[in-house]
Amino acid sequence: MTERMARPETAGARADAPHRVREAPRPETMPIYQTSVFSFVDVDDVMDYYEEHPPGRYLYTRNGNPNVDVLAESVAAWEKAPAACAAASGMGAISGALLALCQTGDHILMSRDIYGGTFVLAHTILERFGVTLSTADLSDTAAAKRAITPRTRLIVAESIANPLLQVADIRALAGLSRQQGALLLIDNTFATPLLCRPLLEGADLTVHSATKYIGGHSDVSAGVVCGNEDLVARVRQAIATVGATLSPFDAWLAVRGVKTLHLRMERQCDNALRLSEALAADGRVKVHYPGLPSHPQHRLAQERFAGRFGAIVTICLPDDIEQVNRFMNALPDIPFAPSLAGVRTTLSHPWTTSHRGFSEEQRTACGITPGLVRISVGIEHPDDLTSEIRSAIDTVLPA
Ligand SMILES: *Cc1c(COP(=O)(O)O)cnc(C)c1O
């Protein structure tokens, strides 16, 4: 170290400089590249970066970071996707996709029970730029066909939709969108790639809110888009340009989630099936779950989802907020937390949270009523869950 370097101001500014000269350690887990920028030896080096895009080289974290890329690659491997990119949230991913794929004059067809944020993005932002939007029940292929227009460029649906868990026939939608020369984007958040790989069924892009099952512990916001190289390159550029960039630490957390996704999801789906069967047998509340024979797309789900049906169960309490509150208050260990997919079971109330942005008519058209409670089933012992929820139902609808 030179004399000059020894001055505290200089030494402080360069406090982590020794890492540049030490031999690289070999940590068991991936380090977090918590850096906004990467350095270059000289101008030749930076020109080489621009021209050759050497793998493993980065310039600026908003445009690319090793932790963010590893998250995208790990989800692409599950989805069997040729390419993927990540964003700061599920909405960052969906915004990137819609901004990359739509232009003035295009028509977007969305399922009418699409995630509220996706609807609001198209309705309040894209419509201002001359994109038109309509919605239809896309779990009904005939209705989907009727809703397509000559200007339809993009169809957006969810493999399992919220909150009534309608299952989309992705192959049928892919056929319709191909006929029309439109692209099909599937939000695969609820199903996860464990149940469904939309690209293998003909979808052009899939998006995930990795905030949900991929992260799995309710401690991170992230999103991923999967598809072919060309589409993903366009989406990646849109995400970087609008700055919906995922932070390295959040990417690292989401990658930790990917490691146990299949274990959590298997257990959560098993628990959800047991809970839904117990509540259906109990008979006091209507139960929506694709694993029950009473579900309108049960056969389709059986055929497409590799024997599992997801980990969300929705029940109908009486349409009275006071009774919904009584039910929630009877479940001290199952919090009302308006998200989903953590290892702990939580409740949500679509009428006042996820679908609050919908008009009352829209909510009614989607079958969303004030008494609907969505249960995101966790990894607890299934007998505990069933007995806790049944005794909470006792407080509303005594046996
Ligand atoms: C939560 C969610 C989103 C949005 O994801 P964020 O990470 O909250 O931005 C999109 N689609 C579905 C189906 C979701 O559940």
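The values are calculated or read from the model by the stated rules, or taken from the named source; none is laboratory data. Please read these numbers as outputs of a predicted model, since none were measured by experiment. Note that each Cβ is placed from the backbone with ideal geometry, even for glycine, and that neighbours are counted across all protein chains shown.
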Looking at Ile375, Ile315 in this structure, which one is within 16 Å of the ligand (Cβ to nearest atom) and touching a strand residue (DSSP E or B) at 6+ places or on another chain (Cβ under 8 Å)? Ile375
Could you tell me whether region 67-77 includes any residue that is part of a loop (DSSP other than H, G, I, E, B) and of a type outside the set (A, V, I, L, M)? no
Within region 66-106, which residues are more than 16 Å from the ligand (Cβ to nearest atom), in contact (Cβ under 8 Å) with a residue 12 or more places away in the chain and of a type in the set (D, E, K, R)? Asp69, Lys80, Asp106
Sort out which residues of region 292-340 are over 23 Å from Leu194 (Cα atoms), among the acidic types (Asp, Glu) and part of a helix (DSSP H, G or I), and write them in order of number. Glu322
Among the numbered criteria (1) touching a residue at least 60 places away in the same chain (Cβ under 8 Å); (2) of a type in the set (S, T, N, Q); (3) in a helix (DSSP H, G or I), which single criterion is violated by Asn63? (3)
Examine region 5-15 for a residue that is hydroxyl-bearing (Ser, Thr, Tyr), without any contact (Cβ under 8 Å) to a residue 12 or more places away in the chain and surrounded by fewer than 10 Cβ atoms within 10 Å (Cβ to Cβ), and state whether such a residue exists. no
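Among the residues of region 189-214, write down those that are of a type in the set (Gly, Ala, Ser) and within 9 Å of the ligand (Cβ to nearest atom). Talk me through it step by step, then tell me what you get.
First pass over region 189-214, keeping only residues of a type in the set (Gly, Ala, Ser): 191, 202-203, 209-210.
Correct list: Ser209, Ala210.
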Got a sec? Which strands (runs of 3 or more DSSP E) wholly within region 107-187 have at least 2 residues that are within 16 Å of the ligand (Cβ to nearest atom)? 107-111, 152-158, 183-187
What are the residue pairs meeting all of these: first residue in region 334-347, first residue more than 16 Å from Phe190 (Cβ to Cβ), second residue within 10 Å of the ligand (Cβ to nearest atom) and not hydroxyl-bearing (Ser, Thr, Tyr), Cβ atoms under 8 Å, and 6 or more apart or on different chains? none
Pull up region 346-362, narrow it to residues that are under 18 Å from the mean Cα position of the chain (by Cα) and part of a loop (DSSP other than H, G, I, E, B), then point me to the one that is nearest to the ligand (Cβ to nearest atom). Ser354
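Criterion first (at pLDDT below 95, farther than 23 Å from Ser218 by Cα and among the β-branched types (Val, Ile, Thr)) does Thr364 satisfy it?
For Thr364, the condition - at pLDDT below 95, farther than 23 Å from Ser218 by Cα and among the β-branched types (Val, Ile, Thr) - is met.
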Exactly one of these conditions fails for Val70: (1) surrounded by 14 or more Cβ atoms within 10 Å (Cβ to Cβ); (2) modelled with pLDDT under 85. Give me its number. (2)
